[in-house]
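This report refers to the structure that appears directly beneath it.
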Amino acid sequence: MLRIALAGFHLIALGLGLGAVLARGTALREVLAPGSLRRAFRADAVWGISFGLWLVTGLWRLFGETEKSVGFYMTNHVFFMKMGFLIIILALEIWPMITLIRWRAALGKGEAPEKVADIATARRIAIISHIQATLVVLMVFAAVAMARGYGARS
């Protein structure tokens, strides 16, 4: 039962996270107004929570050996490709995360949205968000390949 629950929560986190990172990017492509920033912040929060759940369930599945042994993963080149995508997603997230935290704090202090968030920065975060979404989709294809035996050493 644990195996099913972990897999289910892992996939739910994936779906929620993918939708959230796309929503964040879309909101930041709009005119920077209180409504679009609220949508971006809400989507960013869901992305962060989903990513945390995705990471925890993934690590539990890996090291708890609920599906396959750690040895299976450590000898599978598709798994390492998938983890490479994950590392890129994490690296890409550092700057947007810090920027959005600063924007939230400034808006919380009552500063005007147009003084806090600039259009060029919002557009860059939107582009990064959509790149991250693409990487999540690539991770899904890598997971599907692994589930069908690709990457396993004989």
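The values are calculated or read from the model by the stated rules, or taken from the named source; none is laboratory data. What you are looking at is a predicted structure, and each value in this text was computed from that prediction instead of being measured. For neighbour counting, all protein chains shown are included, and Cβ atoms are generated from backbone atoms with ideal geometry for every residue, glycine included. Heavy atoms of the whole protein, side chains included, go into the accessibility calculation; ligands, DNA and RNA do not. Shrake-Rupley method; radii C 1.70, N 1.55, O 1.52, S 1.80 Å.
Couplings 3J(HN,Hα) for region 12-22, derived from phi with the Karplus relation 6.51 cos²θ - 1.76 cosθ + 1.60 (θ = phi - 60°), are 4, 4, 4, x, 5, x, 4, x, 5, 5, 5 Hz, where x marks Gly and Pro. In region 34-154, taking the dipole from charged Cβ atoms about the Cα centre, the farthest positive-side position among GLY108, HIS77, VAL144 is held by GLY108. Proximity of backbone amide H atoms, modeled 1.01 Å from N, is registered between LYS68 and no other residue at under 5 Å, excluding neighbours fewer than 5 places apart on the same chain.
Split the accessible area of the chain by element, probe 1.4 Å, and carbon with sulfur accounts for 71%. Normalising the average separation of contacting C-alpha pairs (under 8 angstrom, six or more residues apart) by the number of residues puts the relative contact order of region 11-154 at 36 percent. For the chain, the square roots of the Cα gyration tensor eigenvalues, ordered a ≥ b ≥ c, give a/c of at least 1.5 with a/b greater than b/c, which places it in the prolate category. For region 103-120, backbone phi angles converted through the Karplus equation (6.51, -1.76, 1.60; θ = phi - 60°) give residue-by-residue couplings of 5, 4, 4, 5, 5, x, 7, x, 5, 6, x, 5, 8, 8, 9, 9, 4, 5 Hz, Gly and Pro being listed as x. Maximal additional length on extending the THR121-ILE49 stretch stands at 23.6 nm, based on 0.36 nm per residue less the C-alpha distance. Each residue of region 143-151 was assigned a 3J(HN,Hα) from its phi angle through the Karplus expression (A = 6.51, B = -1.76, C = 1.60, θ = phi - 60°), giving 5, 4, 4, 4, 5, 9, x, 6, x Hz with x at Gly and Pro.
The dipole here belongs to the chain: it is taken about the Cα centre, uses +1 on the Cβ of Lys and Arg and -1 on the Cβ of Asp and Glu, and is about 60 debye.
With all protein chains kept in place, the per residue accessible area of the chain amounts to 57 square angstrom at a probe of 1.4 angstrom.
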